[in-house]
């Protein structure tokens, strides 16, 4: 029978320590990863809002008022997998809005006639600050 002397291996303490370090790094990285993905999704929403704002401005120049019916605008908005159907308003503040209510994220992005995008959010906490948009109404 051969006895292995001098073989080197990791002890149980070393393995536990390595697993704890990996767990801490994952706990820090995973939320940041999901925030980055959510920020990229808002780029789609902002693009839609800017398109609607431009269409509202054209409609206002032609008719002297904003419309609250998206069908009145000469614009085609593609179906979004991440956001609800956008809405338009006949008032300039906000002129259009789009809502996200999925995967634990609940917020609404709005745009005014000046092109300022604002956020009204409920989940997760401080979602508007995480996304980098001012909270509340655009003024």
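No lab work stands behind these numbers, since they all come straight from the coordinates. As the structure is a prediction and not an experimental result, all values here were calculated from the model. Neighbour counts are summed over all protein chains in view; Cβ atoms, including those assigned to glycine, are modelled from backbone coordinates with ideal geometry.
Figures for the structure shown
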quantity	calculated
Cβ pairs under 7 Å, 6+ apart, first in the range 46-64 and closer than 18 Å to residue 110 by Cβ, second part of a helix (DSSP H, G or I)	59/72
Conditions (1) within 22 Å of the chain's Cα centre (by Cα); (2) surrounded by fewer than 17 Cβ atoms within 10 Å (Cβ to Cβ); (3) over 18 Å from residue 134 (Cα atoms); number of the one not met by residue 16	(1)
Any hit, the range 122-131, residues being touching a helix residue (DSSP H, G or I) at 6+ places or on another chain (Cβ under 7 Å) and not in a helix (DSSP H, G or I)	no
So residue 42, is it surrounded by 14 or more Cβ atoms within 10 Å (Cβ to Cβ) and closer than 22 Å to residue 117 by Cβ	yes
The one condition in (1) under 23 Å from residue 135 (Cα atoms); (2) exposed (fewer than 15 other Cβ atoms within 10 Å of the Cβ) that residue 63 fails to fulfil	(1)
Any hit, the range 19-36, residues being touching a helix residue (DSSP H, G or I) at 6+ places or on another chain (Cβ under 7 Å), assigned to a helix (DSSP H, G or I) and under 19 Å from residue 132 (Cα atoms)	yes
